[in-house]
Amino acid sequence: SRSFSQFAEEGSDESYSNVYVLDGSLRQVGAVEKLAVGEQIFSARFMQKRVYLVTFRQTDPFFAIDLSDPRNPRVLGQLKIPGFSNYLHPYDDSTIIGLGRDTQENEFGGVTTKGVKLSLFDVSDVANPKEVAKYVVEDPNSYSIAQDDPKAFLFSRDKNLLVIPVTTQGGIRPLPV
């Protein structure tokens, strides 16, 4: 990801992200470049022969990228929704859990960050990923350490269990199921 910099060449101060595929000798064999111009990568999850990326600036582009041909990686589909996911976790082969924050455009054209957000992404139709469920903690000051530390994220599909710590302005409390 290229970031804004005072040392950047004139006219090249727009951020963008690249995905590189390396071989066993760490030589680049494939790339998807200048992905999500103006945004930064917030999370990535490798599953099977794909990588799922979340970038963010004002909306949450969720990208599905095919890595089955390492010399020719390509974007298969994307979804733009409010918010962003700092952490992606597999639910099953075609569903991904996203943990991050909800956002809303403000009257100045920018973004206001809202509460902690859990999303469930369906990638069974990889060309058209969908957010099939979401839960947002209404407190805009809420935070989960699991956004930054995957060890704080507990998920067991077999036990039908998902646990994340969330701190709100009123203190720590359990989320309704």
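The values are calculated or read from the model by the stated rules, or taken from the named source; none is laboratory data. The shown structure was predicted, so the numbers you read here are calculated from the model rather than taken from an experiment. Neighbour counts run over all protein chains shown; Cβ positions are idealised from the backbone, glycine included. These area figures cover heavy atoms from the full protein model, side chains too; ligands, DNA and RNA do not enter into them. Shrake-Rupley method; radii C 1.70, N 1.55, O 1.52, S 1.80 Å.
Worth a mention:
- Of all residues making up region 53-79, the number that are at pLDDT below 90 and either touching a helix residue (DSSP H, G or I) at 6+ places or on another chain (Cβ under 7 Å) or hydroxyl-bearing (Ser, Thr, Tyr) (or both): 2
- Taking the criterion of being modelled with pLDDT of 85 or more and open to solvent by 90 Å² or more (accessible area, probe 1.4 Å), the only residue of region 7-21 that qualifies is TYR20.
- Selection within region 96-145 - of a type in the set (Val, Ile, Thr), crowded, with 16+ Cβ neighbours inside 10 Å and under 23 Å from LEU161 (Cα atoms): ILE96, ILE97, VAL116, VAL123, VAL136, VAL137
- Looking only at region 151-177, and only at residues there that are among the polar types (S, T, N, Q) and open to solvent by less than 50 Å² (accessible area, probe 1.4 Å), the one that is modelled with the lowest pLDDT: THR168
- Failed condition for VAL132, given (1) out of contact with any Gly (no Cβ under 8 Å at 6 or more places or on another chain); (2) assigned to a loop (DSSP other than H, G, I, E, B): (2)
- Within region 67-89, the residues that satisfy the criterion of being under 11 Å from VAL123 (Cα atoms) and open to solvent by less than 60 Å² (accessible area, probe 1.4 Å) are LEU76, GLY77, LEU79.
- Cβ-Cβ distances below 7 Å connect the following pairs, each with a first residue in region 74-103 that is farther than 14 Å from TYR52 by Cα and part of a strand (DSSP E or B), a second residue that is of a type in the set (S, T, N, Q) and open to solvent by less than 10 Å² (accessible area, probe 1.4 Å), and a separation of six or more residues or different chains: GLY100/SER85.
- Scanning region 148-164 for residues that are small (Gly, Ala, Ser), outside any strand (DSSP E or B) and closer than 22 Å to VAL54 by Cα turns up at least one hit.
- Given (1) farther than 17 Å from ARG101 by Cα; (2) open to solvent by 90 Å² or more (accessible area, probe 1.4 Å); (3) of a type in the set (D, E, K, R), number of the condition ASP148 does not satisfy: (1)
- Number of residues in region 104-121 that are at negative phi and not in a strand (DSSP E or B): the value is 4.
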